[in-house]
Amino acid sequence: MPIDPDFPRNHQAIGKIKHADGEHYHYFWGPGQLKEAAENEEVKAAYEHRGEEIVPIGVSGTMVAVDWDSCVADGACIEACPVQVFQWYRTEHDIPAKEVINQTFAGTGSSVKEERKDYTDKADAVREHDCIWCMACVSVCPPQAVKVDQSNLEFHEKASGTYNEALAKGSAPPPHAH
């Protein structure tokens, strides 16, 4: 089952992945559910080798979103991205995926397809803010775990409390009468 195209409406923000620059972050949406990753033999073997359990995780990112329950650590999105939006999260913080929520990442992890730690690793849009909306990552993901949608900015802003409805609708406030 590919990423839910309506994940911001059907899930809630359950935390953030913060960027070490102190300015940028992206939301993590849940609850997750067991999907392709839980059925993939390479992924299952990697989790077993680490002594970790495959658990529902959720969707990382809003405008550039990766369903970590569908992600099988193929790396096609990482390889296809011309501006290095993605990194293998475990190459910066080698912790279980369920523990990344509310962690801070500097973006120093690997953006090379073959450099994943193992098949427990996940592609994370640590530089979501650098996306150029080319959609290359969406078209190459084998389990269709990636969704890029600039209009999801509304959900990011609503979750962060910065959404301005008048501005979003393109309407200016009425002029002041004198």
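The values are calculated or read from the model by the stated rules, or taken from the named source; none is laboratory data. Remember, predicted model here, so these are calculated numbers, not experimental data. Cβ atoms come from the backbone with ideal geometry, glycine included; neighbour counts cover every protein chain shown.
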Could you list, in sequence order, all residues of segment 30-52 that are over 17 Å from Pro2 (Cβ atoms), out of contact with any Asp or Glu (no Cβ under 8 Å at 6 or more places or on another chain) and touching a residue at least 60 places away in the same chain (Cβ under 8 Å)?
Glu42, Ala45, Glu52
Only one of these is closer than 17 Å to Gln144 by Cβ, surrounded by 14 or more Cβ atoms within 10 Å (Cβ to Cβ) and more than 13 Å from the chain's Cα centre (by Cα): Ala46, Ala65, Ala38. Name it.
Ala38
Test set (1) at pLDDT 95 or above; (2) within 30 Å of Ser151 (Cβ to Cβ) - Tyr25 fails condition number:
(1)
Of the conditions (1) of a type outside the set (A, V, I, L, M); (2) touching a helix residue (DSSP H, G or I) at 6+ places or on another chain (Cβ under 6 Å); (3) under 13 Å from Val146 (Cβ atoms), Phe7 fails just one. Which one is it?
(2)
For the list (1) touching a residue at least 24 places away in the same chain (Cβ under 8 Å); (2) small (Gly, Ala, Ser); (3) more than 21 Å from Lys35 (Cα to Cα); (4) touching a strand residue (DSSP E or B) at 6+ places or on another chain (Cβ under 8 Å), I need the number of the one condition that Gly109 fails.
(1)
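Residue-wise test of (1) at negative phi; (2) crowded, with 21+ Cβ neighbours inside 10 Å; (3) in a loop (DSSP other than H, G, I, E, B).
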| site | (1), (2), (3) |
| --- | --- |
| Arg90 | yes, yes, no |
| Asp94 | yes, no, yes |
| Asn102 | no, no, yes |
| Glu114 | yes, no, no |
| Thr120 | yes, yes, yes |
| Ser139 | yes, no, no |
Residue pairs, Cβ under 8 Å, 6 or more apart or interchain, first in segment 132-155 and of a type in the set (Gly, Ala, Ser), second modelled with pLDDT of 95 or more and part of a loop (DSSP other than H, G, I, E, B). List them.
Ala136/Cys81; Ala136/Pro82; Ala145/Ile3; Ala145/Trp68; Ala145/Ser70; Ala145/Cys71; Ala145/Val72
Take the residues of segment 146-173 that are out of contact with any Pro (no Cβ under 7 Å at 6 or more places or on another chain) and among the hydrophobic types (A, V, I, L, M, F, W, C): which is farthest from Asp69 (Cα to Cα)?
Ala172
Answer yes if at least one residue in segment 145-152 is surrounded by fewer than 14 Cβ atoms within 10 Å (Cβ to Cβ) and at pLDDT 85 or above, and no otherwise.
yes
